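Read the structure below first, then the notes.
The values are calculated or read from the model by the stated rules, or taken from the named source; none is laboratory data. All values derive from a computational prediction rather than experimental measurement. Here the Cβ positions follow ideal geometry from the backbone for every residue, glycine too, while neighbour counts run over all protein chains shown.
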Number of protein chains: 2
Amino acid sequence: MTIVITAFERSPDGGKGLARDTRVRWALEEVGQPYAVRLVSFKAMKEPAHLRLHPFGKIPTFEEGDLALFESGAIILHLAQNHAGLLPDAANARARAITWMFAALNTVEPPILDLSIAKFQEGDKPWAKERMPFVADRIRNVLAQLSVRLGEAGWLDGDFSAGDLLMVSVLLRVRPSGILDEFANLAAYVARGEARPAYQRAFAAQLAVNAPQAR
Amino acid sequence: MTIVITAFERSPDGGKGLARDTRVRWALEEVGQPYAVRLVSFKAMKEPAHLRLHPFGKIPTFEEGDLALFESGAIILHLAQNHAGLLPDAANARARAITWMFAALNTVEPPILDLSIAKFQEGDKPWAKERMPFVADRIRNVLAQLSVRLGEAGWLDGDFSAGDLLMVSVLLRVRPSGILDEFANLAAYVARGEARPAYQRAFAAQLAVNAPQAR
């Protein structure tokens, strides 16, 4: 059965790899599963055919045979539970790696996403400029805590796991703001993630769709 | 091995059950596992002993023997994978239920949490009043999509699952704003969740700690 994921026909980031298909592509590369991509336009994302796959009208989705999933975290957990390479075998270590998946998505990503919302959805609002330092400080607070926990370790809990894959993916989104580089160990952690051959392949695959010259 | 979770010594909501220990208590009640609670003060949550358990200085945490977890989503998934009652047995249905767990935490909860942040952390800021309709409309957008998907079904995908447990828990947080009641089927869905005996026991347990008369 061929795995089919969806991705933006044209990512708003123009090929920086920050859309959520990149993290799913990365997971597929880590576990060595081939996949096909169906590109979806912004218009088609809000139409019934796509809403049947993704009730919130977003990408990515995942289809394999008669299984259809959405939410990048759920897709990556599904891949990690069914293929070797993204979760430790020992039960306790596995549960801790999954904890980091949720921490990336439910604790670290929300304040980072707020910065995107503040820029791109609220950028023209009267409060936009004055509010920005508040948004940035909320990110700093959570990155400071993460930085302390990571310390000098290579990955969050032992070997690289799906928890690291999601945390690096989430942190990549804040790098353009300069805030990531205020935490040297987190910047190095993200660079370690990016250096993985599986990430490189995933990044190149989304770039082939989204690079300016491809348009 | 006794399961030990942490909860606020005094919840900011004064016993409304909206703190994240309630969802973990609910899951423990659904799967029929006894548990003990260690109450933590706001001060102690930021001290090294608690930060070792929870790097972001929050509640709840979960300890069982030599396993320690944080993040309510991860704790509930761990319980659901190790005890019957919160996930279907069939592999595809199980993956879909887990998708709803992530949807609750990564898609539906962030705009709802923004409303709490706008009220309690930004309430005294100069932009607070003018910005509030923008915050509320972001919630309406996601609830409208969820409402369409739920339709007249009792639960999100077949029988009640950990996905419903988390979605109901997340939606409860927006009910005080009045926005939930704009979507009759979602309000009824939340009421179905609250009516479950396991939820009732979880709510009563947190109320026993947090009710004003208990202080």
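Among the conditions (1) under 20 Å from residue A:123 (Cα atoms); (2) within 11 Å of chain A (Cβ to nearest Cβ), the only one that residue B:163 does not satisfy is (1).
Just name the residue that is surrounded by the fewest Cβ atoms within 10 Å (Cβ to Cβ) out of those in region B:2-22 that are in contact with a strand residue (DSSP E or B) (Cβ under 6 Å, 6 or more places away or on another chain) and among the polar types (S, T, N, Q).
Restricting attention to region B:2-22, the residues satisfying the condition of being in contact with a strand residue (DSSP E or B) (Cβ under 6 Å, 6 or more places away or on another chain) are B:2-7, B:9, B:19, B:21.
Narrowing further to those that are among the polar types (S, T, N, Q): B:2, B:6.
On the way: B:2: 10, B:6: 23.
Checked region B:2-22; the qualifying residue surrounded by the fewest Cβ atoms within 10 Å (Cβ to Cβ) is B:2.
Going through region A:55-73 one residue at a time, which ones are without any contact (Cβ under 8 Å) to a residue 12 or more places away in the chain and farther than 21 Å from residue A:98 by Cβ? Lay out the reasoning, then the answer.
First pass over region A:55-73, keeping only residues without any contact (Cβ under 8 Å) to a residue 12 or more places away in the chain: A:66-67, A:69, A:71.
Passing the criteria: only A:66.
Of all the listed residues (A:187, A:128), the sole one being more than 25 Å from residue B:99 (Cα to Cα), aliphatic (A, V, I, L, M), modelled with pLDDT of 95 or more and surrounded by fewer than 17 Cβ atoms within 10 Å (Cβ to Cβ) is A:187. Scanning region B:129-160 for residues that are within 12 Å of chain A (Cβ to nearest Cβ), assigned to a helix (DSSP H, G or I) and in contact (Cβ under 8 Å) with a residue 40 or more places away in the chain yields a total of 2.
For (1) assigned to a loop (DSSP other than H, G, I, E, B); (2) within 20 Å of residue B:144 (Cα to Cα); (3) modelled with pLDDT of 95 or more; (4) within 8 Å of chain B (Cβ to nearest Cβ), each residue gets a yes or a no:
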position	(1), (2), (3), (4)
A:39	no, no, yes, no
A:43	no, yes, yes, no
A:49	no, yes, yes, no
A:57	yes, yes, yes, yes
A:74	no, no, yes, yes
A:77	no, no, yes, yes
A:80	no, no, yes, no
A:89	yes, no, yes, no
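If you take the residues in region A:98-125 that are more than 10 Å from chain B (Cβ to nearest Cβ) and not charged (D, E, K, R), which one is surrounded by the most Cβ atoms within 10 Å (Cβ to Cβ)? Lay out the reasoning, then the answer.
Just the residues of region A:98-125 that are more than 10 Å from chain B (Cβ to nearest Cβ), to begin with: A:112, A:115-116, A:118-120, A:123-124.
Narrowing further to those that are not charged (D, E, K, R): A:112, A:115-116, A:118, A:120, A:123.
On the way: A:112: 22, A:115: 19, A:116: 18, A:118: 19, A:120: 10, A:123: 11.
Here the residue is A:112.
Within region A:157-184, the set of residues being touching a Phe, Trp or Tyr at 6+ places or on another chain (Cβ under 9 Å) and either surrounded by fewer than 17 Cβ atoms within 10 Å (Cβ to Cβ) or under 22 Å from residue A:82 (Cβ atoms) (or both) comprises A:157, A:161, A:162, A:163, A:164, A:165, A:166, A:167, A:168, A:169.
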